[in-house]
1. So residue 326 clears everything in (1) in the same structural domain as residue 429 (by TED's automatic domain parsing); (2) modelled with pLDDT of 95 or more; (3) in contact with a helix residue (DSSP H, G or I) (Cβ under 6 Å, 6 or more places away or on another chain) except one condition, right? Which one?
2. Give region 304-325 a look and list any residue that's part of a loop (DSSP other than H, G, I, E, B) and closer than 26 Å to residue 199 by Cβ, or say none.
3. If the requirement is being closer than 28 Å to residue 142 by Cβ and either assigned to a helix (DSSP H, G or I) or at pLDDT below 85 (or both), which of these qualifies: 32, 108?
4. Pick from 366, 301: which is in the same structural domain as residue 201 (by TED's automatic domain parsing) and either more than 21 Å from residue 232 (Cα to Cα) or assigned to a helix (DSSP H, G or I) (or both)?
5. What's the total number of residues in region 139-160 that are in a loop (DSSP other than H, G, I, E, B) and under 16 Å from residue 104 (Cβ atoms)?
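The values are calculated or read from the model by the stated rules, or taken from the named source; none is laboratory data. Everything numeric in this text was worked out from a predicted model, so none of it was measured. Quick reminder, even Gly has a Cβ in these numbers, built from the backbone with ideal geometry, and neighbours come from all protein chains shown.
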């Protein structure tokens, strides 16, 4: 049987030259005069005309590719010139096209040619491996990534769907947790390790070889944070860049410690609970909760009392089936709605702090006239004043919700939580919520519900 591989590309002729490498689907003799849609798209990708390149990239995304086309695209990508941006990178588009219908038959080619790809094509290749759900793809991902960490042969890794849909955890653990100090990819590896750990009960994996790295890395961030705890309950924790960076890493590492046996990390988690920063307290508390450890009422009250962490604590206790531990006066829908809005404001680049004051102004109720029943939107007024910010913002409007009344208390909403930062007195509560007719229609058609989570 004739076997072939692309060994040279000519933009003028787009000819495929035969050698003994990749199996063709059919014997190939002399190249045909007419190009296939795939061959034409690849040729157009190399055009000097940007419009032609854009059209070709779009065509590659739409055209069904044969196995031969996919293997050819992956092979050609290794010879394509690198470009500064993904959109201009021919190799990235070729790998991306091959990945649309990728299966385990592309693994060998990606692994063999990975070092010849441009940085954008490498990202596309790792996304491809991260989307494939087979064990072989997970093993290939690890064989490519781990030996190249800390070199210019990898760049920033792409997790694909590995983080969202953890699988084959034993392939990744404990190895990825041993590389969390990698300057460029440590955060992604730590996140991947956490997701993999969480996919199985505590004790499923022997993580002992990763524990020294986790403990040492956390100790470094803890020592940087500890002298600043006097200001940790003020908005300093959001405004000081060095503190924010250490806080984010410490939060993630405390979260990972919930994957270890209680006795291995008990002292570290206890020290974190004695800090003043509510977010660090929360992650230490959440890890102890997952380990089945005793939780002091004082720590629960401190975390629940802070609107930054109140909704997170509610969700963690709900997931653990331990809502009886939530302070009752802070388990109301209004208290959770306040926390959700505060979390949104913290993440907003223009605001970025906990409001100095926040007051519930009104509740706008929407009857969906369906089995969903009534949905409530909580309208708050909030303000930030010096020293939290340079100038008094005045009273601004914010909305949390909408929450199905039959599910309360809940943090699941239809995604309307946020603020346009309009003064509260510029319009009615209904006006701040938005177009109620549109919201009504969305609920009738079946809206998705949202929750959120963030280390920063």
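1. (1)
2. First pass over region 304-325, keeping only residues part of a loop (DSSP other than H, G, I, E, B): 306-309, 321-322.
Result: 309, 321, 322.
3. Working: 32 fails: closer than 28 Å to residue 142 by Cβ.
Sole residue among the options that is closer than 28 Å to residue 142 by Cβ and either assigned to a helix (DSSP H, G or I) or at pLDDT below 85 (or both): 108.
4. Numbers: 366 fails: in the same structural domain as residue 201 (by TED's automatic domain parsing).
301 is the lone residue from the list that is in the same structural domain as residue 201 (by TED's automatic domain parsing) and either more than 21 Å from residue 232 (Cα to Cα) or assigned to a helix (DSSP H, G or I) (or both).
5. Final tally of qualifying residues: 1.
Conditions (1) in contact with a helix residue (DSSP H, G or I) (Cβ under 8 Å, 6 or more places away or on another chain); (2) modelled with pLDDT of 90 or more; (3) surrounded by fewer than 19 Cβ atoms within 10 Å (Cβ to Cβ), marked per residue:
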{"residue": "81", "(1), (2), (3)": "yes, no, yes"}
{"residue": "84", "(1), (2), (3)": "no, no, yes"}
{"residue": "88", "(1), (2), (3)": "yes, no, yes"}
{"residue": "95", "(1), (2), (3)": "yes, yes, no"}
{"residue": "101", "(1), (2), (3)": "yes, no, yes"}
{"residue": "104", "(1), (2), (3)": "yes, yes, yes"}
{"residue": "117", "(1), (2), (3)": "yes, yes, no"}
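Here is a yes/no grid of residues against (1) over 24 Å from residue 240 (Cβ atoms); (2) surrounded by fewer than 19 Cβ atoms within 10 Å (Cβ to Cβ):
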{"residue": "337", "(1), (2)": "yes, no"}
{"residue": "349", "(1), (2)": "no, yes"}
{"residue": "356", "(1), (2)": "no, yes"}
{"residue": "359", "(1), (2)": "yes, yes"}
{"residue": "400", "(1), (2)": "yes, no"}
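Quick grid of which residues meet (1) part of a loop (DSSP other than H, G, I, E, B); (2) closer than 27 Å to residue 296 by Cα:
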{"site": "178", "(1), (2)": "no, no"}
{"site": "189", "(1), (2)": "no, no"}
{"site": "209", "(1), (2)": "yes, no"}
{"site": "227", "(1), (2)": "no, yes"}
{"site": "234", "(1), (2)": "yes, yes"}
{"site": "237", "(1), (2)": "no, yes"}
{"site": "260", "(1), (2)": "yes, yes"}
{"site": "276", "(1), (2)": "yes, yes"}
